[in-house]
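*Asks:* I am attaching a structure below and will ask some questions about it afterwards.
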Amino acid sequence: MGEVLVLVEQVDGVVKKVTTELLTLAGSLGEPSAVWVGPGYSPAAEATLAEFGAAVVYVAESPEMAAHPVAPKAEVLAHLVSEKSPVAVLVASTADGKEAAGRLAVRIDSGVITDAVAITADLVATQSVFGGSTVVHSRVTSGTPIFTVRPNSTPPVVSSGAAARSDVSIALSDGAKKASVTGSTAAVKGGRPELAEAAIVVSGGRGVGSPEGFAVIEALADSLHGAVGASRAATDAGWYPHQYQVGQTGKTVSPQLYIANGISGAIQHRAGMQTSKTIIVVNKDAEAPIFELADYGVVGDLFTIVPQLTDEITKRSA
């Protein structure tokens, strides 16, 4: 089987869950190889990459790689594509990941498919496009296929790999150095998982009614150890921070369980969550469009139903 390159997503040297998903997917397409760009590679990171099947880990840890945003990742990947001739390159569908994939596609003159939710063994990708109204099967027909894959699209599966380290040293182009990182501020983290990577997401919409109304949404999310999301209507109203918006103009999520509370189901919201594995809807409007996506639906007042659900979950997990 041919080699499949996976760009590692990591924060302060900790491998993010989406990378384990990409390695699992890469294992169904060929032989997974991880690509680490920037400082911070450690025995712990190596152990994680090995656990999920990385045969080789290409490490470009020069401090210069972290001194410039995104472009160094594309240049390292371009160097490896030229040298190793992989069958495909997999990148997470994050803002940085999509930019790196686009830059790489230009550098190696290859096609790129974004926001894939599945890829077959013959490299046909499944996408949800046009605001979620259409499912498309796409194939790259030129060069080395590059795919960005939505988080939570592939359940990570343990598959032991050697994770043999191979150091990569390249000189960055002048173009890659045009933008520089002048400072950074660590994000303030709470106890909940990151929205885009969470296996369970509990979201609130216009039906929540106020910032205070999100307390019941947060309580349900916490009982399930999930993340909190919000519709555009709720974030535009100032009821919840914009970084938690789920939708076409917010975060795209694909959790194992998505619970939509007081959300009507506008197309832009559906585009950001409709690939969720199981969807539960709570809405007092029985005609709300989001019920079309629901695996399970409850017609009723969320302020009556959600606290009861939270109480029952808490009892059963005690």
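Please treat every number below as a calculation from the coordinates, not as lab data. The shown structure was predicted, so the numbers you read here are calculated from the model rather than taken from an experiment. All Cβ positions, even for glycine, are placed from backbone atoms using ideal geometry, and neighbour counts span all protein chains on display.
*Asks:* Pull up all non-local amide H partners of Val56: gap of 5 or more, or a different chain, and H-to-H distance under 5 Å with H placed in the peptide plane.
*Replies:* Placed amide hydrogens put Ala34, Ala163, Ala164 under 5 Å from Val56.
*Asks:* Something else now. Please find, in a Gaussian network model of the chain (springs between Cα atoms separated by less than 10 Å), the residue of Ser180, Ser153, Ser264 whose mean-square fluctuation is greatest.
*Replies:* Checking each option, the largest mean-square fluctuation is seen for Ser180.
*Asks:* Round to a whole angstrom and tell me the spacing of the C-alpha centers of the stretch 110-166 and the stretch 254-302.
*Replies:* If we compute the Cα centre of each part, the gap is 26 Å.
*Asks:* Just order 202-208, 32-38, 217-223 by mean Cβ neighbour count inside 10 Å, highest at the front, would you?
*Replies:* The most tightly packed comes first, giving 202-208, 32-38, 217-223.
*Asks:* Which peptide among 297-303, 226-232, 46-52 comes first, and what is the full order, when sorted by highest mean count of other Cβ atoms within 10 Å?
*Replies:* Packing order, densest peptide first, comes out as 226-232, 46-52, 297-303.
*Asks:* Considering Cα pairs under 8 angstrom that are at least six residues apart, work out the relative contact order of the stretch 3-177 and quote it in whole percent.
*Replies:* Relative contact order here is 29 percent.
*Asks:* Here is a further query. Put one equal scatterer on each alpha carbon of the stretch 3-177, apply the Debye formula with no solvent term, and list log10 I(q)/I(0) at q = 0.20 1/Å to two decimals.
*Replies:* Log10 of I(q)/I(0), two decimals: -1.39.
*Asks:* Which of the DSSP-defined H helices in the chain satisfy a minimum axial length of 15 Å, computed from C-alpha atoms, and a minimum mean Kyte-Doolittle hydropathy of -0.5?
*Replies:* Helices meeting the criterion: 17-27, 71-84, 95-108, 302-317.
*Asks:* Continuing with the same structure: Work out from phi, with θ = phi - 60° and the Karplus expression 6.51 cos²θ - 1.76 cosθ + 1.60, the ³J(HN,Hα) of each residue of the stretch 243-253, listed in order in whole Hz, and give x for Gly and Pro.
*Replies:* Result, ordered by residue: 5, 9, 6, 9, x, 4, 9, x, 8, 9, 10 Hz.
*Asks:* In whole Hz and in residue order, list the ³J(HN,Hα) couplings for the stretch 173-185 that follow from phi through the Karplus curve 6.51 cos²θ - 1.76 cosθ + 1.60, θ = phi - 60°; x for Gly and Pro.
*Replies:* 3J(HN,Hα) across the stretch 173-185, in whole Hz: 6, 4, x, 5, 9, 5, 10, 10, 7, 9, x, 8, 10.
*Asks:* For the pairs Lys284/Lys315; Lys98/Lys251; Lys17/Lys73; Lys17/Lys251; Lys84/Lys178; Lys84/Lys177, note any where the Cα-Cα span goes beyond 23 Å. Before the final figure, lay out each step's value.
*Replies:* On the way: Lys284/Lys315 26 Å; Lys98/Lys251 13 Å; Lys17/Lys73 19 Å; Lys17/Lys251 16 Å; Lys84/Lys178 28 Å; Lys84/Lys177 25 Å.
In this structure, Lys284/Lys315; Lys84/Lys178; Lys84/Lys177 exceed 23 Å between Cα atoms.
*Asks:* While we're here: Normalised by the residues of the chain, what does the relative contact order come to in percent, with Cα pairs under 8 Å and at least six apart?
*Replies:* 15
*Asks:* Within the set of other residues whose C-beta is less than 15 Å from the C-beta of Val136, count the net charge using Lys and Arg as +1 and Asp and Glu as -1.
*Replies:* +1
*Asks:* For every other residue with a beta carbon closer than 14 angstrom to the beta carbon of Leu309, add +1 if it is Lys or Arg and -1 if Asp or Glu, then tell me the sum.
*Replies:* That sum, taken over residues with Cβ under 14 Å, equals -3.
*Asks:* How long are the three semi-axes of the equivalent ellipsoid of the chain, in whole Å, if each is the root of 5 times an eigenvalue of the C-alpha gyration tensor, listed from largest down?
*Replies:* Ellipsoid half-lengths, sorted descending, are 37, 20, 19 Å.
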